[in-house]
Amino acid sequence: MKSPRDDPRLLQALLSHRVLVLSNTLALAASRHYPRRFGVRLAEWRVIDALHAGRGITANEISRWLRTDKAWVGRSVERLIAAGHVRRRRDPDHGRRILLTLSPKGERAYAAIASAARRRHDNLLGALSAAERHLLDRALAKLQARASAMLAAPHLGFGKFR
């Protein structure tokens, strides 16, 4: 069996590409299942999850947590408000700031989707032994810390990095 390093295409051997393909594979399955089963898109589920964790946060905070585009979050928030999953209110301590919270309908959606997401997570990680899962968790934490440091670096990790 050939390894990704045997493929002449550079991207095939890069960790960022392999993680992207895995993420896209999982996202594709979720994007097919969540609208049919729960009536929300994958992007909306990610916002629901952030709101469940944040309880009264702004769209900008969600965007920072997810490290994603503010416009993408804004569109998801608007769809969730229209569907009755999210409520918005002015921050009493900062008049121009809008705080977002889950409605009771949004909390019910969170509970249902979180249960399904945990089952899928467990099914995926079932391919690994307990030791491999522990090693993966540690490795991902280290890689995320390095990627965050690279993002903060002026050369974004494309030069020599220590």
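Go ahead and estimate [θ] at 222 nm for the chain from helices alone: -39,500 (n - 2.57) per DSSP H run with n ≥ 4, summed, over the residue count, rounded to 500.
Result for the chain: -21500 deg cm²/dmol, rounded to the nearest 500.
Would you kindly derive the ³J(HN,Hα) couplings of segment 59-71 from the backbone phi angles with the Karplus curve 6.51 cos²θ - 1.76 cosθ + 1.60 (θ = phi - 60°), listing them in order in whole Hz, with x for Gly and Pro?
4, 5, 5, 4, 4, 5, 4, 7, 6, 9, 5, 4, 5
List every residue whose amide H lies under 5 Å from the amide H of V86, counting only residues 5 or more places away in sequence or on a different chain, with H placed 1.01 Å from N in the peptide plane.
I81, S103
For segment 122-162, what is the Kirkwood estimate of the hydrodynamic radius, computed as the reciprocal of the mean inverse distance between distinct Cα atoms, to one decimal in Å?
This gives a value of 11.8 Å.
If each of R37 and E132 carries a label point 7 Å out from its Cα toward its Cβ, how far apart are those two points in nm?
Here the answer is 2.3 nm between the modelled labels.
Enter the mean projected area of the convex hull around the alpha-carbon atoms of segment 79-162, in nm², rounded to one decimal.
Working: hull surface 40.6 nm².
With the hull built on Cα positions only, its mean projection is 10.2 nm².
Helix 42-54 sits at what angle to the longest principal axis of the chain, using alpha carbons and giving 0 to 90 degrees rounded to 10?
Its long axis makes an angle of about 70 degrees.
For the chain, what mean projected area does the convex hull of the alpha carbons give, in nm²?
The number I arrive at for the chain is 13.2 nm².
Amide H to amide H under 5 Å from I57: which residues, 5+ apart in sequence or cross-chain, H placed 1.01 Å off N in plane?
L100
Mark the label point 7 Å from the Cα of R55 along Cα→Cβ and return the residues of segment 107-129 whose backbone N is within less than 16 Å of it.
Hits in segment 107-129 for R55 at 16 Å: 107-108, 110-111.
Can you give the accessible area per residue of the chain, in Å², using a 1.4 Å probe?
72
The values are calculated or read from the model by the stated rules, or taken from the named source; none is laboratory data. Every value quoted in this text rests on a predicted model; they were computed, and no experiment measured them. Note that each Cβ is placed from the backbone with ideal geometry, even for glycine, and that neighbours are counted across all protein chains shown. Ligands, DNA and RNA are excluded from the accessible area calculation, which covers all protein heavy atoms including side chains. Shrake-Rupley method; radii C 1.70, N 1.55, O 1.52, S 1.80 Å.
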